[in-house]
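The structure under discussion appears below in the form of structure tokens.
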Amino acid sequence: MHPTFRKLMATAVIGMTLGAGSAQAQKEMNDPFREPALAALRGKTIAYLPISIGFDLAQAWGGVIKQEADRYGMKFISQDPNWSTDAMAQGMTSLIAQKPDVIVTQNPDLQSLARLLKQANAAGIHVIQMNMQGSVQTDAFVGPDFIALGQQVANMMVKACGKGTNTSHKISIVQGVVTGGVSYYQVQGIKKVLAENPELKLVSSQAADWDATKARAITETVLQQNPDLCGVIDVWDGQAAGTGAAIVQAGKKGKVYFVTSGGGAQSTCDRLNDGIFSAVVNYDAVGMGRDAFTAISALLQTKAKAGTLKFQLYSPTRVLTKSEVKDGTCFDPTVYAKLLR
């Protein structure tokens with residue numbers, strides 16, 4: 001065999017060997033865990049049932065969940081009870097009959113959906129409760145630790161109106177639905193701090209039922225009866241728009257320390273910039289949507305029986321004041337509302 005030909009043959013054999021090795025290496029480099037994870041999500045159905053789809057929190061949660069569901073080949077369905085507890089119960093009953101893989105819901109209060117949540121788990125449906133926890137624990141809860149949040153806002157009030165301040169020490173609380181998780185647990189936390197700081201004088205603690213108009217009427221009366229009021233806690237920034245309007249109307253903007261909490265929609269940043277809200281504890285609704293989808297993904301990948309894994313995913317909180325507000329600090333609900341269409 002000619003030496004040159006022999007050399008060419010040797011080179012070809014080496015090339016074939018390297019090529020085979022490269023193909024084997026490429027095969028080994030493929031992520032062996034990716035496809036099982038994707039397969040656990042693909043084709044699964046997520047049903048979304050908040051108390052209403054028409055407000056900022058629900059738009060952010062649902063928008064993020066639907067976006068991720070679309071990304072992973074999942075089906076997303078939703079119902080809008082439009083603040084009606086009866087419609088929510090009917091919607092939950094209907095969804096249980098449809099047997100989606102996951103239901104993401106928001107309790108109107110502690111008890112109304114309790115029996116139905118149990119039924120959903122018993123039917124093999126994973127249930128994630130958002131923000132408003134009921135009396136029954138399901139697979140996951142995603143939302144703030146509202147008892148801790150209540151303590152947080154109350155301690156802020158102590159600094160503004162408590163011992164050592166040259167104020168009347170008078171404060172008021174505007175609750176939501178008294179038995180709603182956001183209000184009920186938050187007020188528990190507030191009361192713990194008030195018990196430790198008896199110099200604070202609670203002159204009013206009334207329920208506005210998530211209604212900004214009611215919140216305004218309540219606060220107008222409180223300010224008329226207590227023109228020296230030092231501070232107000234409203235348990236949700238959505239209804240706090242009415243509370244703030246009453247403070248402005250009474251000429252008390254910037255004079256009454258006004259703290260609330262919410263998911264960080266742009267309207268909240270606007271009211272901080274306008275000086276209506278003194279401070280807001282932001283629990284990041286967009287982040288909650290991400291956490292809810294993470295919970296969904298984990299539950300489906302574990303293949304655990306519905307209702308057997310029970311965990312709480314508490315949302316981090318961030319105190320916002322006017323000085324913290326920058327472009328992009330708050331989210332635009334319309335962006336997420338479009339994702340739900």
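The values are calculated or read from the model by the stated rules, or taken from the named source; none is laboratory data. It should be emphasised that the depicted structure is a prediction, and the values quoted were computed from it without experimental measurement. Glycine also receives a Cβ, built like all others from the backbone with ideal geometry; neighbour counts cover every protein chain displayed. The accessibility values were calculated without ligands, DNA or RNA, using every heavy atom of the protein model including side chains. Shrake-Rupley method; radii C 1.70, N 1.55, O 1.52, S 1.80 Å.
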(request) Starting from the amide H of Leu202, placed 1.01 Å from N in the peptide plane, find each other amide H under 5 Å away whose residue is 5 or more places distant or on another chain. (result) Ile171
(message) Please give me, ordered by residue number, the trypsin sites (Lys or Arg not before Pro) of segment 157-247 that lie in loop per DSSP and have at most 16 other Cβ atoms within 10 Å.
(response) Lys163
(message) For the chain, take the longest principal axis of its alpha carbons; what is the angle in degrees between that and the long axis of helix 3-29, to the nearest 10 within 0 to 90?
(response) 30 degrees
(message) So, taking all protein chains as they sit and a 1.4 Å probe, how much accessible area belongs to Arg71, in Å² rounded to tens?
(response) 140 Å²
(message) Using each residue's phi in segment 172-187, evaluate 6.51 cos²θ - 1.76 cosθ + 1.60 at θ = phi - 60° and report the 3J(HN,Hα) Karplus result to the nearest Hz, with x for Gly and Pro.
(response) 9, 10, 9, 7, x, 6, 4, 9, x, x, 4, 7, 4, 6, 5, 5
(message) On the Cα set of segment 72-193, report Rg and Dmax in Å, please.
(response) 18.3, 60
(request) Would you mind checking Lys118/Lys214; Lys163/Lys192; Lys201/Lys326; Lys192/Lys252; Lys214/Lys253; Lys163/Lys214 for any pair whose Cα atoms are more than 26 angstrom apart? (result) Lys118/Lys214; Lys201/Lys326; Lys192/Lys252; Lys163/Lys214
(request) Collect residues whose amide H, placed 1.01 Å from N in the peptide plane, falls under 5 Å from the amide H of Ala140; neighbours closer than 5 in sequence don't count. (result) Val127, Gln129, Phe311
(message) Compute, for segment 151-307, the length of the dipole vector about the Cα centre, with Cβ point charges of +1 (Lys, Arg) and -1 (Asp, Glu) only. Units Debye, rounded to 20.
(response) 280 debye
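Thinking of segment 198-306 as a set of Cα atoms, what percent of all their pairs are more than 19 Å apart?
Percentage above 19 Å: 51.
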(request) List, in order, the whole-Hz ³J(HN,Hα) value for each residue of segment 33-39 obtained from phi through the Karplus relation with A = 6.51, B = -1.76, C = 1.60 and θ = phi - 60°; use x for Gly and Pro. (result) 9, 5, 5, x, 5, 5, 5
(message) Using a 7 Å offset from the Cα along the Cα-to-Cβ direction at both Thr329 and Asp70, what is the distance between the two label points in nm, to one decimal?
(response) 3.0 nm
(request) Divide the volume of the convex hull of the Cα atoms of segment 159-218 by its number of residues and quote the answer in cubic angstrom per residue. (result) 85 Å³
(message) Taking the Cα centre as origin and putting +1 on Lys and Arg beta-carbons and -1 on Asp and Glu beta-carbons, what dipole magnitude results for the chain, to the nearest 20 debye?
(response) 760 debye
(request) Could you tell me what % of all Cα pairs in segment 105-160 have separations over 14 Å? (result) 58 percent
(message) From the P(r) of the chain, could you give the percentage of C-alpha pairs in the tail past 31 Å?
(response) 42 percent
(message) At q = 0.13, 0.14, 0.15 Å⁻¹, what log₁₀ I(q)/I(0) does segment 38-143 have when each alpha carbon counts as one equal point scatterer in the Debye sum?
(response) -0.41, -0.48, -0.55
(message) Per q in 0.17, 0.18, 0.19 Å⁻¹, report the Debye log10 I(q)/I(0) for segment 28-88, using one uniform scatterer on each alpha carbon and no solvent.
(response) -0.64, -0.69, -0.73
(request) Return the calculated 222 nm mean residue ellipticity for the chain, to the nearest 500 deg cm²/dmol, obtained by summing -39500 (n - 2.57) across DSSP H runs with n ≥ 4 and dividing by the residue count. (result) -15500 deg cm²/dmol
(request) For Lys305, put the label point 7 Å out on the Cα→Cβ axis and report which residues of segment 108-129 keep their amide N under 13 Å from it. (result) 121-125
(request) For Phe33, Phe293, give the ranking by accessible area with the largest first, probe 1.4 Å. (result) Phe33, Phe293
